[in-house]
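Structure record follows, encoded as structure tokens.
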Amino acid sequence: MKKISIFASGGGSNAQKIHDYFEGDSEVVIDSVVCNNPNAKILKRADSWGCEKYVVDKDEFKNSDELSELLLRRGTDLIVLAGFLWLVPASLLKAFPDKIVNIHPALLPNYGGKGMHGMNVHKAVQNAAEKESGITIHYINEEYDKGDVIFQASCPVEGMEFDEIAAEVLKLEHKYFPEVIEKILKTNG
């Protein structure tokens, strides 16, 4: 049984798609949800899934090995960042090498880095009058959006407003993120 821990900061629409994709799968389970926002909708979703949930504060997250040790004890196979807005600390990177993945709502290396999340990305894409945008699924390292790319998908966005771009990119996220997670789990034994 492969165990996924989902890290999220908000509503968790990608987390919900991942849950739905693996629901009933005898080989993969959403084992836990880690959140940095005690009021986030993802915590209600975690309750409905019946999985463990952990709310972390910034100091504990950055300066303690407690979360790494907890996830190792739980037998976590893959950490999936699904709208988690904090930089992952070295302790987690060391405990889970090449086992932490993120989805970014643009075609990296463009429109990545600190502060480039959510609508900030889509507004930047619109302001640059890009003809296409998309998603990047990548491994995590010490820098925002700099880890090795696993998968990209694109969609035309020429002439769209940022909210329209967001809607098109979200369709790609929901379609491809669960599939890529499954491939990663199968490839990594």
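Take S48, project a point 7 Å from its Cα along the Cβ direction, then tell me which residues of region 19-37 have their backbone nitrogen under 12 Å from it. The answer is 19-20.
Taking 0.36 nm per residue of sequence separation and removing the Cα-Cα distance, the Q152/E27 pair yields an extension gain of 42.5 nm.
Remark on L81: its backbone amide H falls under 5 Å from those of F7, V101, N102, I103, a criterion applied only to residues 5 or more positions apart or on other chains, H modelled at 1.01 Å from N. Label-to-label distance, T187 versus L87, with points set 7 angstrom from Cα along the beta-carbon direction: 2.7 nm.
Placing dummy labels 7 Å off each Cα toward the beta-carbon, the span from K58 to N141 is 2.5 nm.
Considering only alpha-carbon pairs that sit under 8 angstrom and 6 or more positions apart, the relative contact order computed for region 1-97 is 38 percent.
Between A129 and K94, take the C-beta separation as r, use R0 = 45 Å, and let me know the FRET efficiency to the nearest 0.05. Could the numbers behind the result be given before it?
On the way: r = 41 Å, r/R0 = 0.92.
Efficiency, rounded to the nearest 0.05: 0.60.
For K2, the residues whose amide H sits under 5 Å from its own are V28, V29, ignoring neighbours fewer than 5 places away on the same chain, with H placed 1.01 Å from N.
Bear in mind that the values in this text are calculations on the coordinates, not laboratory data. Please read all numbers here as calculations on a predicted model, not as lab measurements. Here the Cβ is made from the backbone with ideal geometry for all residues, glycine too, and neighbour counts use every protein chain on show.
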